[in-house]
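Quick one: the structure is below, questions incoming.
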Amino acid sequence: MRAPLQDAAWMPFCLVWMMMACGGRPALKQVYEKDFFIGAALNLDQIDGKDPKASALIETHFSSITPENILKWEPVHPEPDRYVFEPADRFVALGEKYGMHIVGHTLVWHAQTPRWVFEDGPGKPAGRELLLERMRSHIRTVVGRYKGRIHAWDVVNEALEDDGSMRKTPWFNIIGGDYIRKAFEFAREADPDAELIYNDYNLWKPEKAAAAVRLIEGLRAEGIRVDGVGEQAHWALDYPPIGDLDSALKVLASTGVKVMITEMDVSPLPNPWNYTGADIMFNVEVQEKLNPYPKALPDSMQQKLAARYGEFFSLFRKYSAISRVTLWGVTDGQSWLNHWPMRGRTNYPLLFDRNYEPKPAFNAVIRAAKKP
Ligand code: GLA
């Protein structure tokens, strides 16, 4: 996967070539070539080439792609006997065209999964056997279609609570705690060579990192191979504390599986969780406070964001277990954080701005790659 440029004598020529190829800027995927894949989550327009400026950035800077939505259960398998594969076929073809590491996201999750999956006819909950059979046939069909072409799968997404307990999703409630083992078994059956990942958020929290380790080790004790653990990395200026993240990465890496940063974005906006729904909906002052930069991110904030990105990437480079860092989008304009956890904000969580230009955060990430 990594093809290091061994011969130091070539480095100056390579750097010049890289910069010429990218309009005078180094390419992310090249400066991190020896460390990890640099990935981006793609939306449908980007997959379909309808956003040419984004396409240019994707081709130049990223060595891995993940679909933001199209391989989730709801879009890919909306009805029991209907699969919609055309967008995913185009996504995989795009990754192959550029020789990218292609990630499938995600097979078993409680969100963006149609209600019928958990029902045995309208309103009647499905039983364990029916749900297991559905899971198996979904995984066999989707993973099997791209066998050998999608290189890694987020098999189970978000199965843990922050306190380390199992999240009581319909999968858990209907099948029981072994639904995770089953999902990995079915995925392995469908593509023995794919890299199979457990993916979750807030794995920088000690209780949750410990729970992920127990999960992976428990599966291993039952003979199930998990290849990677993904920390989603939806972060902000004030969390996670870098020391906590460092400790968590150490703990996750100690399992011996690869560690991936799978959905990274860093929000520079204030956290709306402290306000109630009514405040957010009807109080103009609160709304302004929570959406403080509707036109542009001020330079002082750009610098704070850049410093955060810089420290994160410097930390990632310390861990040889980290095999991929994927940004959850290409440009700020596309980010889900413009709509969540409250609608209508202007957020700035990624490395390229709304005009497809690299931000100070981009430069900080490049600088982090060059530090010894
Ligand atoms: C979770 C999911 C992603 C995406 C984000 C929000 O992290 O894993 O697929 O839906 O939420 O965009």
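With the condition kept exactly as written, say whether any residue in segment 337-359 is without any contact (Cβ under 8 Å) to a residue 12 or more places away in the chain and open to solvent by less than 50 Å² (accessible area, probe 1.4 Å).
Yes, because at least one residue in segment 337-359 is without any contact (Cβ under 8 Å) to a residue 12 or more places away in the chain and open to solvent by less than 50 Å² (accessible area, probe 1.4 Å).
Follow-up. Within segment 160-175, which residues are farther than 17 Å from Arg214 by Cβ, in contact (Cβ under 8 Å) with a residue 24 or more places away in the chain and not hydroxyl-bearing (Ser, Thr, Tyr)?
Correct list: Pro170, Trp171, Ile174, Ile175.
Any idea which of (1) of a type in the set (Gly, Ala, Ser); (2) over 19 Å from the mean Cα position of the chain (by Cα); (3) under 22 Å from Val325 (Cα atoms) is the one Gly24 doesn't satisfy?
Failed condition: (3).
Looking only at segment 360-372, which residues are open to solvent by less than 30 Å² (accessible area, probe 1.4 Å) and either of a type in the set (Ser, Thr, Tyr) or touching a helix residue (DSSP H, G or I) at 6+ places or on another chain (Cβ under 7 Å) (or both)?
Within segment 360-372, Ala361, Ala364, Val365, Ile366, Ala368, Ala369 meet the criteria.
Picking from Leu337, Leu351, Leu305, which residue would you name as being under 30 Å from Asp35 (Cα atoms), under 20 Å from the mean Cα position of the chain (by Cα) and within 16 Å of the ligand (Cβ to nearest atom)?
Exactly one of Leu337, Leu351, Leu305 is under 30 Å from Asp35 (Cα atoms), under 20 Å from the mean Cα position of the chain (by Cα) and within 16 Å of the ligand (Cβ to nearest atom), namely Leu337.
Let me ask something else about it. Please go through segment 30-39 and pick out each residue that is farther than 19 Å from Pro360 by Cβ and crowded, with 23+ Cβ neighbours inside 10 Å.
Selection gives Phe36, Phe37, Gly39.
Still on this structure, please answer the following. Being away from the ligand (no atom under 16 Å from the Cβ) and open to solvent by 10 Å² or more (accessible area, probe 1.4 Å) narrows it down to one of Glu59, Glu74, so name that one.
Unique residue meeting the criteria: Glu59.
Another question, if that's okay. Give me the residue from segment 137-185 that is part of a loop (DSSP other than H, G, I, E, B) and buried (at least 16 other Cβ atoms within 10 Å of the Cβ) and, out of that set, nearest to the ligand (Cβ to nearest atom).
Filtering segment 137-185 for residues that are part of a loop (DSSP other than H, G, I, E, B) and buried (at least 16 other Cβ atoms within 10 Å of the Cβ), the one nearest to the ligand (Cβ to nearest atom) comes out as Glu158.
When Trp17 is evaluated against the numbered criteria (1) at pLDDT 95 or above; (2) in a helix (DSSP H, G or I); (3) open to solvent by 30 Å² or more (accessible area, probe 1.4 Å), which criterion, by number, is the only one it fails?
That leaves (1) as the condition not met.
The values are calculated or read from the model by the stated rules, or taken from the named source; none is laboratory data. Since this is a predicted model, take the numbers as computed values, not measurements. All Cβ positions, even for glycine, are placed from backbone atoms using ideal geometry, and neighbour counts span all protein chains on display. To get the accessible areas, we keep the full protein, side chains included, count just its heavy atoms, and leave off ligands, DNA and RNA. Shrake-Rupley method; radii C 1.70, N 1.55, O 1.52, S 1.80 Å.
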